[in-house]
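Trainee: Sending over a structure as structure tokens; questions will come in a sec.
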């Protein structure tokens, strides 16, 4: 049931700087019912990553480069197991940055992901149409896939399952995520009407209808 599946538990659009330039971060957080070592292994082990995300190839160590099948590639700039991973996110000629932080949270482990983009790049047509949900909903789907994998040991990235993506459950999930990113966008200072418009465009892109 929809009420039993989640992506992120907390979302924020926050001001950042990158290389001395103004930037924004799409921040997503969720606590998983496992220890840091297991969560880190799920995030970095090339044999486990395809069970919840997409296949990743490359030199998967500090200073190396990675490539996600059909998606972004980049450099591994920090790799401190089992606490911190920083990578560049290079796609379609653009460059942004993704950071992952793991911390104990009760009996589980809290995962905080930040996808950081330069403010100048957010002035482009794509972001102005979709807002932070342009990347945020994709990460929600990844958080969902990761949770399913950690719970079962198997699993697969939900976005790769055509039957699920066409289901009412999936459409409700992505609409809910898009709306949540719109709320986070408005809370960051964006005009609420603009934030809702962008969120609606994101929901339409992912869910249609």
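Coordinate-derived values only; no laboratory data. Given the structure is predicted, the values throughout are model-derived calculations rather than measurements. Cβ sites come from the backbone with ideal geometry, for glycine too, and all protein chains shown count toward neighbours.
Trainee: Please compute the length gained on full extension between residue 37 and residue 197, using 0.36 nm multiplied by the number of residues separating them and subtracting their Cα-Cα distance. Spell out each step's value before the answer.
Mentor: Values: separation 160, 0.36 × 160 = 57.60 nm, distance 4.04 nm.
Gain in length upon complete extension: 53.6 nm.
Trainee: Same structure again: Would you mind pulling out the separation of the Cα centroids of region 25-45 and region 118-136, in Å?
Mentor: What the calculation gives is 25 Å, centre to centre.
Trainee: State the label only: which of [x] 133; [y] 108; [z] 125 corresponds to volume of the Cα convex hull per residue in Å³ computed from the shown model?
Mentor: Working out volume of the Cα convex hull per residue in Å³ from the coordinates points to [z].
Trainee: Which order do 26, 117 fall in if you start with the one that has the fewest other Cβ atoms within 10 Å? Working shown, then result.
Mentor: Details: 26 27, 117 23.
If I rank by nearby Cβ atoms, fewest first, I get 117, 26.
Trainee: Would you compute, from DSSP H runs of 4+ residues alone, the mean residue ellipticity of the chain at 222 nm, taking -39500 (n - 2.57) per run and dividing by the full residue count, rounded to the nearest 500?
Mentor: Numbers: 6 runs with 75 residues, N = 209.
Roughly -11500 deg cm²/dmol at 222 nm, from the helical runs in the chain.
Trainee: For labels at residue 19 and residue 91 in the simple 7 Å Cα→Cβ model, what's the distance in nm?
Mentor: 1.9 nm
Trainee: Quick one: Debye curve from the C-alpha atoms of region 1-80, no solvent, what's log10 I(q)/I(0) at q = 0.14, 0.19 Å⁻¹?
Mentor: -0.69, -1.17
Trainee: Can you give the FRET efficiency for residue 167 and residue 104, using 1/(1 + (r/R0)^6), R0 = 41 Å, r = Cβ-Cβ distance, to the nearest 0.05?
Mentor: Details: r = 35 Å, r/R0 = 0.86.
Once the sixth-power term is evaluated, E becomes 0.70.
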